[in-house]
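The values are calculated or read from the model by the stated rules, or taken from the named source; none is laboratory data. Computed from a predicted model, the values in this text were never measured in an experiment. Please note: Cβ atoms are built from the backbone with ideal geometry, for glycine as well, and neighbour counts cover all protein chains shown.
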Amino acid sequence: MNKTANFQLTQWEKTDRIMMEDFNRDNAAIDTALKGNADKAAALQTALASCGNCKIVYGTYTGNGKSGSANPNKLTFDGKPVLVIVQEEKQTADMDINLRMLRPCTWAQGAATNDNWVNAVTWGAAQVQWYSRNDYAPTQFNETGKKYYYLALIDAAV
């Protein structure tokens, strides 16, 4: 009589005598293995429920040419944003990547004294808004008619 490699379940050959004890032992082994897997799956579900439910949201917007503190850019989401990346659409073949990463902390790309970067970011429960202190639409990622892409990590559990 042969046995399976993983659980040592019975594999009869034509010449073997089939016994009820073999069936019962195999069923008990299968039942134990299935129960162990079910317990592990339940524990993983419990652990996952305690983690944040972060999701990825992406989209586009078209700049309107406005800038400065009176005209901030705003993106609204169905949960709390924890990271937002904005990328301008490039019409050239060069590999220059111009993007802004917005996250809830005191941070701006470039030196703190450099007014050419977005340097005023406000975070809300379901929104992020930003503006450029130098009142210049291209550095605020709001140039008239230009397309901008955004990608955000959203904490949907909040």
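Could you tell me which residue of region 109-158 is nearest to Pro81 (Cα to Cα), considering only residues that are among the acidic types (Asp, Glu) and at pLDDT below 90?
Asp155
Determine which member of the set Val86, Val57, Val82 is closer than 24 Å to Asp135 by Cβ, outside any helix (DSSP H, G or I), in contact with a strand residue (DSSP E or B) (Cβ under 6 Å, 6 or more places away or on another chain) and β-branched (Val, Ile, Thr). Steps first, please.
Details: Val57 fails: closer than 24 Å to Asp135 by Cβ; Val82 fails: closer than 24 Å to Asp135 by Cβ.
One residue alone meets the criteria, Val86.
Filter region 62-76 for residues that are among the hydroxyl-bearing types (Ser, Thr, Tyr) and either within 10 Å of Thr144 (Cβ to Cβ) or in contact (Cβ under 8 Å) with a residue 60 or more places away in the chain (or both) and give the result.
Just the residues of region 62-76 that are among the hydroxyl-bearing types (Ser, Thr, Tyr), to begin with: 62, 67, 69, 76.
Those that are among the hydroxyl-bearing types (Ser, Thr, Tyr) and either within 10 Å of Thr144 (Cβ to Cβ) or in contact (Cβ under 8 Å) with a residue 60 or more places away in the chain (or both): Thr62, Ser67, Ser69.
For region 39-59, the criterion of a residue being surrounded by fewer than 10 Cβ atoms within 10 Å (Cβ to Cβ) and touching a residue at least 60 places away in the same chain (Cβ under 8 Å) is satisfied by at least one position. A single member of Lys55, Lys14, Lys66, Lys80 is under 24 Å from Thr139 (Cβ atoms) and of a type in the set (D, E, K, R), and it is Lys66. Just one of the listed residues (Asn64, Asn71) is in contact with a strand residue (DSSP E or B) (Cβ under 8 Å, 6 or more places away or on another chain), assigned to a loop (DSSP other than H, G, I, E, B) and modelled with pLDDT of 90 or more, and it is Asn71. Set side by side, the residues Ala47, Ala33 differ, and just one is at pLDDT 90 or above and of a type in the set (A, V, I, L, M, F, W, C), which is Ala33.
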